[in-house]
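Engineer: Take this structure first; my questions come after.
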Amino acid sequence: MKAHTLPLFEAELSDLEQNVSKAINTTLATHGDLERFRVDHFGAEGRFTVLTRSMREMPADRRKSLGQRLNRAREAYEKALEDAKLAWAAAMRAAELAGPPIDVSLPGRATRPGRPHPISSTIEELLDGFASLGFEIAESREIELTDFNFGRLGFPPDHPATDMQDSFFVKRADGSVDESLVLRTHTTSIQVHEMLRRKPPMAVVCAGTVYRRDDDATHSPMFHQIDGFLVDRGVTFAHLKGVLTAFVHRTFGADVPVRFRPSYFPFVEPGGELDIGCTFCRPWDGAGTKAQIDRTAACRTCKSTGYIEVLGCGMIHPVVFASCGVTDPSFTGFAWGMGIDRIAMLRHGIRDIRMLYENDMRFLTQL
Ligand SMILES: [Zn+2]
């Protein structure tokens with residue numbers, strides 16, 4: 001930090017005083033010139049800053065007169081800077097006005113408002129639908145304990161899904177594979193977390209991203225699922241059918257037929273799949289008429305069967321209860337899981353899953 005002795009102070013002050021008119025007449029043509037002038041004189045190590053700092057080193061009997069001269073000089077330089085700024089702004093404005101005129105008749109550029117992706121809006125609507133039936137919405141992690149993703153849900157250790165060919169395991173820092181951590185292959189693991197965390201009764205839904213090593217025209221290695229389950233005393237398959245039928249009617253329309261078929265999943269017994277009437281060829285519309293028969297015969301989505309598969313479901317397997325600490329046998333429950341991408345496709349009439357991930361605005365803004 002610089003400070004002046006008396007002789008230096010006087011020399012510097014005199015120099016500033018003598019050059020006031022020169023300072024005032026200096027052409028400060030650019031913004032950079034103005035800034036340099038300001039820093040040179042009023043910056044942290046500027047000439048006036050150093051002089052002001054040095055005032056307390058001056059002999060007491062000289063301070064008053066030196067202070068007065070310093071203030072006068074500073075005011076003159078401040079005014080010079082202020083005038084130069086105004087002149088600079090006026091010059092800029094004049095240059096702008098001298099340039100080509102602004103065409104006020106040019107149409108404006110429309111701003112396109114953002115909107116949720118169809119996957120996101122489908123997730124919102126599905127969660128909303130189940131919340132209105134009394135289900136709580138839970139969130140869970142995408143990197144899951146292999147035990148929670150498979151073992152506690154009743155997958156036998158040699159199940160193909162537990163293989164590295166089918167699932168993404170996590171790498172350790174040394175590059176080796178940590179088989180105890182996996183990118184969740186389904187949102188079903190929410191059952192394990194919730195049942196271990198608290199006591200039934202409970203009714204929970206969970207939606208999110210899941211990962212499998214599938215990558216072809218109809219499968220993406222990352223997709224979305226929603227899973228739900230309900231545990232209470234005296235829950236039966238009739239409750240499952242009631243809840244899922246209400247969901248279908250709410251999501252796809254009250255006239256859409258529902259069909260349950262037996263199927264196998266490790267974590268339910270009995271297990272089933274739910275099919276809905278094909279929302280593309282709508283075989284219940286004018287059923288039996290030639291128009292309907294032709295429509296369904298030509299439908300690629302349901303492969304002319306009139307039905308499409310939307311979700312897997314079933315009664316929660318006793319093995320899952322046992323491994324999640326629900327020991328009271330009077331509790332039973334049901335669970336279901338479905339692919340959200342597929343529901344979004346059915347609702348919006350999208351025939352190719354890849355369109356959901358191409359982010360083509362022309363496509364997305366139609367939905
Ligand atoms: Zn169809």
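Engineer: How much FRET efficiency would the formula 1/(1 + (r/R0)^6) give for ASP40 and SER65, where r is the Cβ-Cβ distance and R0 is 25 Å, rounded to 0.05?
Structural biologist: Working: r = 25 Å, r/R0 = 1.01.
Once the sixth-power term is evaluated, E becomes 0.50.
Engineer: For segment 143-203 and segment 248-327, what is the separation of their Cα centres, given in Å?
Structural biologist: 27
Engineer: May I ask you to compute the full-extension gain from ALA173 to GLN366, defined as 0.36 nm times their residue separation minus their alpha-carbon distance, rounded to one decimal in nm? Could you put the intermediate results ahead of the total?
Structural biologist: On the way: separation 193, 0.36 × 193 = 69.48 nm, distance 4.46 nm.
That pair, ALA173 and GLN366, stretches by 65.0 nm at full extension.
Engineer: Here is a follow-up. What do you get for the angle between helix 237-252 and the principal long axis of the chain? Use alpha-carbon atoms, 0 to 90 degrees, nearest ten.
Structural biologist: Computed tilt is about 50 degrees.
Engineer: Separate question: To the nearest µm²/s, what D does Stokes-Einstein give for segment 123-177 at 37 °C and 0.692 mPa s, using the Kirkwood radius over alpha carbon pairs as Rh? List each step's numbers first, then the result.
Structural biologist: On the way: Rh = 14.1 Å.
Calculated translational D: 234 µm²/s.
Engineer: Can I ask one more? Can you tell me how much longer the chain between ARG141 and TRP284 gets when fully stretched, taken as 0.36 nm per residue apart minus their C-alpha distance, in nm with one decimal? Display every interim value, and only then the final one.
Structural biologist: Numbers: separation 143, 0.36 × 143 = 51.48 nm, distance 4.10 nm.
In short, 47.4 nm is gained.
Engineer: Could I ask something else about it? Need one number for segment 6-97: average projected area of the convex hull over its C-alpha atoms, nm².
Structural biologist: Working: hull surface 23.7 nm².
About 5.9 nm², averaged over all directions.
Engineer: When you count, for each residue, the other Cβ atoms within 10 Å and take the mean per peptide, how do 284-296, 327-339 rank with the highest first?
Structural biologist: Values: 284-296: 12.6, 327-339: 18.5.
Per-residue Cβ counts within 10 Å, averaged per peptide and sorted highest first, yield 327-339, 284-296.
Engineer: Same structure, new question: What does the extension gain come out to for LYS303 and ASP33, with contour length at 0.36 nm per residue minus their alpha carbon separation? Present the calculation step by step, with values, prior to reporting the outcome.
Structural biologist: On the way: separation 270, 0.36 × 270 = 97.20 nm, distance 7.59 nm.
Additional length available on full extension: 89.6 nm.
Engineer: Place a point 7 Å from the Cα of ASP128 along the Cα-to-Cβ direction; which residues of segment 190-214 have their backbone N under 19 Å from it?
Structural biologist: 205-208
Engineer: When the C-alpha atoms of the chain are aligned to their principal axes, what extent does each axis show, in angstrom, from largest down?
Structural biologist: 106, 58, 40
Engineer: In percent, what relative contact order does the chain have, based on Cα pairs under 8 Å that are 6 or more apart in sequence? Spell out each step's value before the answer.
Structural biologist: On the way: 501 pairs, mean separation 52.0, N = 367.
Answer for the chain is 14 percent.
Engineer: If you don't mind, there's one more thing I want to ask. Pairing the Cα long axis of helix 6-18 with the longest principal axis of the chain, what angle in degrees results, from 0 to 90 and rounded to the nearest 10?
Structural biologist: So the helix axis and the longest Cα principal axis differ by about 90 degrees.
Engineer: With every protein chain present, what accessible area does ASP103 have (1.4 Å probe, heavy atoms only), rounded to the nearest 10 Å²?
Structural biologist: 80
Engineer: How much accessible area per residue does segment 6-97 have, counting only protein heavy atoms and a probe of 1.4 Å, in square angstrom?
Structural biologist: 63
Engineer: Tell me the mean residue ellipticity at 222 nm calculated for the chain from its helices only (DSSP H runs of n ≥ 4, each -39500 (n - 2.57), averaged over every residue, nearest 500). Kindly include the intermediate steps, with their values, before the conclusion.
Structural biologist: On the way: 13 runs with 148 residues, N = 367.
Helix contribution divided over all residues of the chain: -12500 deg cm²/dmol.
Engineer: Would you work out which of ILE276, GLY312, GLY337 lies farthest towards the positive end of the dipole of segment 208-367? Charges go on Cβ: Lys and Arg +1, Asp and Glu -1.
Structural biologist: Going by the charge dipole, the pick is ILE276.
Engineer: Please get the size of the charge dipole for the chain, origin at its Cα centre, with Cβ charges of +1 on Lys and Arg and -1 on Asp and Glu, quoted in debye to the nearest 20. The partial results should precede the final answer.
Structural biologist: Numbers: 44 positive and 48 negative charges, 205 e Å.
Once rounded to the nearest 20, the dipole reads 980 debye.
Engineer: Take the Cβ-Cβ distance between MET92 and TYR357 as r, set R0 to 45 Å, and report the resulting FRET efficiency rounded to the nearest 0.05. Walk me through the numbers before you get to the answer.
Structural biologist: Values: r = 49 Å, r/R0 = 1.08.
Efficiency at R0 = 45 Å is approximately 0.40.
Engineer: Put +1 on the Cβ of every Lys and Arg and -1 on every Asp and Glu Cβ in segment 1-144; which of ALA131, ILE102, THR52 then has its Cα farthest towards the positive end of the dipole?
Structural biologist: Of ALA131, ILE102, THR52, it is THR52.
Engineer: Tell me which of LEU66, LEU240, GLY253 sits at the most positive position along the dipole axis of the chain, charges placed on C-beta atoms (Lys, Arg +1; Asp, Glu -1).
Structural biologist: Checked the options; the winner is LEU66.
Engineer: Using Cα pairs under 8 angstrom and six or more residues apart, how large is the relative contact order of segment 16-108, in percent? Can you show the working numbers first?
Structural biologist: Values: 39 pairs, mean separation 33.9, N = 93.
Worked out over segment 16-108, it gives 36 percent.
Engineer: Let me ask something else about it. Below 8 Å, C-alpha to C-alpha, sequence gap of six or more: please give me the relative contact order for segment 1-56 in percent. Mind showing how you got there, number by number?
Structural biologist: Details: 25 pairs, mean separation 28.8, N = 56.
51 percent.
Engineer: Keeping the other protein chains in place, figure out the carbon and sulfur percent of the accessible area of the chain, with a 1.4 Å probe. Walk me through the intermediate numbers first.
Structural biologist: On the way: 11440 of 20580 Å².
Roughly 56 percent of what the probe reaches on the chain is carbon or sulfur.
The values are calculated or read from the model by the stated rules, or taken from the named source; none is laboratory data. Predicted model only: the values in this text are computed from it and were never measured. Don't worry about glycine lacking a Cβ; one is built from the backbone with ideal geometry, like all the others, and counts go over all protein chains shown. Heads up: the accessible areas ignore ligands, DNA and RNA and are worked out on the full protein's heavy atoms, side chains in. Shrake-Rupley method; radii C 1.70, N 1.55, O 1.52, S 1.80 Å.
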